[in-house]
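Following: one structure in structure tokens, then a few remarks.
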Amino acid sequence: MPVNNIRNIAFVGQTGTGKTSLIERLLFTASATEQLGHVTCGNTVTDFDSQSIQYQHSIEATPVTLSWNKHRMNMIDTPGQAELLGRTLSIFPAIETSALVIDSDTPLNQISDRLFAFAREQQKCQMIVVNKMDQEAQKISGIMAEIEAHFGSHCLPINLPDKDGKSVVDCYFEPEYDKPTLFSDVSSAHESLIDQIIEVDEELMELYLEQGSELNPEQLHDPFEEALRSGHVIPVCFTSAETGAGCELLLQTITEIMPIPLEGNPPLLEKEGKQIRVDCETLEHTVAHVYKISVDPYMGKLAYLRVFQGGINTGSQLYVGESNKAFKVGHLYQLQGKERMEIQHAIAGDFCVLAKVDELEFDSVIHDSHDEDNVVMRTLNFPESMYSLVVKPKKRGDEQKLSEVLNRIAAEDPSLKIEHRTRTNETLLSGQGEFHLKVALEKMESVYKLDVETSQPSVEYFETITRPAEGHYRHKKQSGGAGQFGEVQLKVRPLERGTGFKFVNKVVGGAIPTALIPAVEKGVRQALDEGAISGNPLKDIEVTVYDGKFHSVDSKEIAFVIAGKKAFLDAVNNAGPIVLEPIVQLDLFIPTSAVGDVSGDLSGNRGLIEGTHPQANNFTLLKAKSPVNELLDYSRRLRSLTGGEGSFSMALSHYEPAPPAVQKKVCAEAAEG
């Protein structure tokens, strides 16, 4: 298949708009399937995995292919759940076109906004597909006004529903001027579209204005592509996945208007910080990118590739990134849902899959020449994690398996984060919310056969002191044989918050031999790590050792470690020890209508509102600070307060003294063990 006949497109949008059903209908319309599957029956091509069937929503991003009018169309079905947004964003490097699927029953929300904005950020050509056009006529009639208000007046229809909403009327290829439409009219829609397109081509605009001649699609092709690349025009197509209305015209729109790989904006490949261009038509210097990783129970690790330059053959010798070690392509596949077809060759513009190449990870760039050693794809900005759980294996001895499985799960979903906290010895799995982690944990159990327990992460408190004090301890042990003796006198004083720990030796006259001072510091540091009142490390303290005693025979290192530790704890207990709690900076992106509820909730849970900043489409950026202790279930609270449309990111701001009630609780929990 020549590269000029390939189209790569992702169908994105909110849950429930019918992306999977639409792709199923397109496959059926193009005779790529013999029967029409249904989400409710669990037999669609793209939602073949057990979780997608169980939840009746796409859980994975799944590529499929169809042929239409001598063109190959590579399509990707994507999740619409807010918490699975990272899985959708990860496929954008593989496509030229993003098709935002909406419908009149599902109000446009933050998910549509974020996907629309992300496509623009990734420099993708865009189109909007209005599904379920066979629904209530009154709702359909107002959809264009809603689209224009939300995304701009440059969103213009390629077709319109007929007066009954049962079929579509062509407004571009062969305008059906005499056909009545449900709203607007063909002449106005056609004229608006032409006017918008020719704004990017002055010569064509002059010809059109001077002669008043009709411009055909062939004349408009190049300026249409330029308008798509620059985001100057966004075509809108009406369809019904249920009845098939508008689906043939949608296929025609994609194959004749939306860009081929040569016409789309170039991929965001970079070398040494500068964007580079690839040549889809050259057969030399293969360059491909891994846009997805998955693990198949039978085929093992699968790397989903988009080829940008050259080609990949069975037997090709390829490199990964800067590696000098080549790997040999054993088997090359094209996947159609759960079905796989082995292929011998993939050219620029193609999607393909490599199996069992352990070196390949998400975002890997593969190539066949060391000229491309430093080529990378521009880093994607995934959403910040909003929810974390501690995970540990139910079965003792499975700790290594847990580490391996977590790494595999994270490799398949780059929006999952794995962190091991040494201080608390906790392994954290973090993602976008409870459902996101639920999906990951279910897969760990069903695919990798690993049962785990989960719990809320510990809050990482610290301790400090509030005033200077002195401490003293004499360690003396005599129980037969060699004895132990060491005596230490020291002072402590609080340091400015964030300073850490400072150890000062002011012993004079050999009261403690210089060689044993490190042992005193070692004991102090042991106490620092263990804490004095709550089991949490101490910080922001200066310790000055100024006197002590030693015995020429019994003074050993262990004696001064113990004496140093106990003297330090004695001083700390006299220095007004307190618990410090972590405070985070919160950036919340929420509907403006929810600002009052969200602010009230934060304020009622010891949060501090710092300000609000209006954003597009009736959203507000709310900035606040809050103790981490009050945010352990915050993703759930925010989802309830904003109808699922709110999101947030947080970063550690500082530590400050915990209120007495919090300190009492933390100390009591430490005492209970």
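The values are calculated or read from the model by the stated rules, or taken from the named source; none is laboratory data. None of the values given here were measured: they were computed from a predicted structure. Cβ atoms come from the backbone with ideal geometry, glycine included; neighbour counts cover every protein chain shown.
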Of N374, N381, the only residue that is under 24 Å from G264 (Cα atoms) and exposed (fewer than 14 other Cβ atoms within 10 Å of the Cβ) is N381
Strands (runs of 3 or more DSSP E) contained entirely in segment 363-480, each with at least 3 residues that are of a type outside the set (S, T, Y) and more than 30 Å from V545 (Cα to Cα) = 365-367, 375-377, 387-393, 417-421, 426-431
Among strands (runs of 3 or more DSSP E) lying entirely in segment 545-664, which contain 1 or more residues that are of a type outside the set (D, E) and without any contact (Cβ under 8 Å) to a residue 60 or more places away in the chain?
-> 578-591, 608-615, 619-627
Counting just the residues of segment 81-112 that are acidic (D, E) and surrounded by 20 or more Cβ atoms within 10 Å (Cβ to Cβ), which one comes out nearest to the chain's Cα centre (by Cα)?
-> E83
Surrounded by fewer than 22 Cβ atoms within 10 Å (Cβ to Cβ), of a type in the set (S, T, Y) and touching a residue at least 60 places away in the same chain (Cβ under 8 Å), is that true of S153?
-> no
Subset of segment 384-402, residues in contact (Cβ under 8 Å) with a residue 24 or more places away in the chain and surrounded by fewer than 18 Cβ atoms within 10 Å (Cβ to Cβ), comes to E384, K392, K394, K395, D398, K401
Members of segment 314-359 that are surrounded by fewer than 15 Cβ atoms within 10 Å (Cβ to Cβ) and closer than 27 Å to E263 by Cα | Q344, H345
Among residues belonging to segment 600-619 that are crowded, with 18+ Cβ neighbours inside 10 Å and within 26 Å of the chain's Cα centre (by Cα), point out the one that is nearest to I541 (Cα to Cα).
-> L602
Within 13 Å of H289 (Cα to Cα) and not assigned by TED's automatic domain parsing to the domain that holds K124: does that describe D358?
-> no
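This table checks each residue for (1) closer than 18 Å to F462 by Cβ; (2) hydrophobic (A, V, I, L, M, F, W, C).
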site	(1), (2)
I578	yes, yes
D587	no, no
G596	no, no
S603	no, no
E610	no, no
F619	no, yes
G643	no, no
L652	yes, yes
